[in-house]
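Peer 1: One structure coming up, written as structure tokens, with questions to follow.
The values are calculated or read from the model by the stated rules, or taken from the named source; none is laboratory data. Every value quoted in this text rests on a predicted model; they were computed, and no experiment measured them. As a convention, Cβ positions derive from the backbone with ideal geometry for all residues, glycine included, and neighbour counts pool all protein chains shown. Heavy atoms of the whole protein, side chains included, go into the accessibility calculation; ligands, DNA and RNA do not. Shrake-Rupley method; radii C 1.70, N 1.55, O 1.52, S 1.80 Å.
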Amino acid sequence: MLGRMNQDVTLHQRRRPPTAQELAGIPWLAALQPAERERAVAALRVGDALVGDHVCRLGRPVTYWFGVVEGLLKMSTDNEQGQTMTFAGLPPGGWFGEGTVVKREPYRYNVRALRKSVVAGLPLETFHWLLDHSIGFNRFVMGQLNERLGQFIGALEIDRMANTDLRVARSLAALFNPVLYPNVGEVLRITQQELAYLVGLSRQRVNEALTTLDAQGAIRVEYGGLRVLDLAALRSGSFAPQGAAAAGRDPKDSTAAPTTAPRRRARRAVPPAPTAAAGPLSG
């Protein structure tokens, strides 16, 4: 009964002052002067988001600048055909929507919780007060805007990739951005199903891609999460996805033409695709 009541209460109605531990996980507070920090801390609120809760809705007016203290969110939008375009996964330490807050415009995307999460919000007017008075805050926001532009360009590229191993690799690399998500570290707590939601693939195909990346030494699948061993390889695609070399393709280019070897001979040279064993990562 209590759980049902909690679900009926909106995220805004569940807001509360942050704890000292939650404040310690907000990266931009360290850039503020004491008086600026005092004003920001007094205005900050956090809310406990349940799975599926909307943090931002397409078309709604902006009221807060949001960040992830704990959990995982997804930023996306749907086109006229009902297809979902994912802009970003938002792990702990990530603050988002600063461009929308700066322009005071309605949201052009949805942000929802993929798991139970703790979300922090800085009110719109406090955000603009800090822009007017804090050099440190301005530098942080400018860094965010610069990184976010590169992230969205990368998201468009990922969405058009035919090679699913590279698609999963680039999506993982985006979640390990040290500027946008400073609290992630080397291990990302994420399930196969959550990663599948972010990448737009089936859980089975994500499992196969993770097995490939693990075998290539780019990541290590651990219980309940992923450890990145070679972030540069994930970003560049410099590993060899299964079947790429045998098919005569450049592993960085899923659209590259096959070699000039006879078609029948090339087909015989490709070994049967292995069956991906279920890894310890579960969703």
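Peer 1: For residues that are surrounded by fewer than 19 Cβ atoms within 10 Å (Cβ to Cβ), more than 19 Å from Leu73 (Cβ to Cβ) and in contact (Cβ under 8 Å) with a residue 24 or more places away in the chain, tally how many sit in the range 37-52.
Peer 2: Of the residues in the range 37-52, 2 are surrounded by fewer than 19 Cβ atoms within 10 Å (Cβ to Cβ), more than 19 Å from Leu73 (Cβ to Cβ) and in contact (Cβ under 8 Å) with a residue 24 or more places away in the chain.
Peer 1: I'm trying to understand the selection: among the residues of the range 106-153, which are outside any helix (DSSP H, G or I) and exposed (fewer than 14 other Cβ atoms within 10 Å of the Cβ)?
Peer 2: To start, the set of residues in the range 106-153 that are outside any helix (DSSP H, G or I) comprises 106-123, 134.
If the condition is that a residue be outside any helix (DSSP H, G or I) and exposed (fewer than 14 other Cβ atoms within 10 Å of the Cβ), then Pro106, Arg108, Lys116 are the ones that fit.
Peer 1: Determine the pairs where a residue that is more than 19 Å from Pro182 (Cβ to Cβ) and among the hydrophobic types (A, V, I, L, M, F, W, C), located within the range 83-100, has a partner that is open to solvent by less than 10 Å² (accessible area, probe 1.4 Å) and assigned to a strand (DSSP E or B) with Cβ atoms under 9 Å apart, the partner being 6 or more residues away or on another chain.
Peer 2: Phe87/Met75
Peer 1: Take Arg57 and decide whether it is without any contact (Cβ under 8 Å) to a residue 60 or more places away in the chain and within 23 Å of the chain's Cα centre (by Cα). Spell out how you get there, then give the answer.
Peer 2: Details: without any contact (Cβ under 8 Å) to a residue 60 or more places away in the chain: yes; within 23 Å of the chain's Cα centre (by Cα): yes.
In short, yes.
Peer 1: Can you confirm whether Leu124 is at pLDDT 90 or above, in contact with a Ser or Thr (Cβ under 6 Å, 6 or more places away or on another chain) and hydrophobic (A, V, I, L, M, F, W, C)? Spell out how you get there, then give the answer.
Peer 2: Working: at pLDDT 90 or above: yes; in contact with a Ser or Thr (Cβ under 6 Å, 6 or more places away or on another chain): yes; hydrophobic (A, V, I, L, M, F, W, C): yes.
Judged against the criteria, Leu124 is a match.
Peer 1: If you go through the range 188-241 one residue at a time, how many are open to solvent by less than 30 Å² (accessible area, probe 1.4 Å), without any contact (Cβ under 8 Å) to a residue 60 or more places away in the chain, of a type in the set (A, V, I, L, M, F, W, C) and not in a helix (DSSP H, G or I)?
Peer 2: Result for the range 188-241: 4.
Peer 1: When you go through (1) more than 23 Å from Pro27 (Cβ to Cβ); (2) more than 16 Å from the chain's Cα centre (by Cα); (3) open to solvent by less than 40 Å² (accessible area, probe 1.4 Å) one by one for Asp78, which number turns out not to apply?
Peer 2: With (1) more than 23 Å from Pro27 (Cβ to Cβ); (2) more than 16 Å from the chain's Cα centre (by Cα); (3) open to solvent by less than 40 Å² (accessible area, probe 1.4 Å) applied to Asp78, the lone miss is (3).
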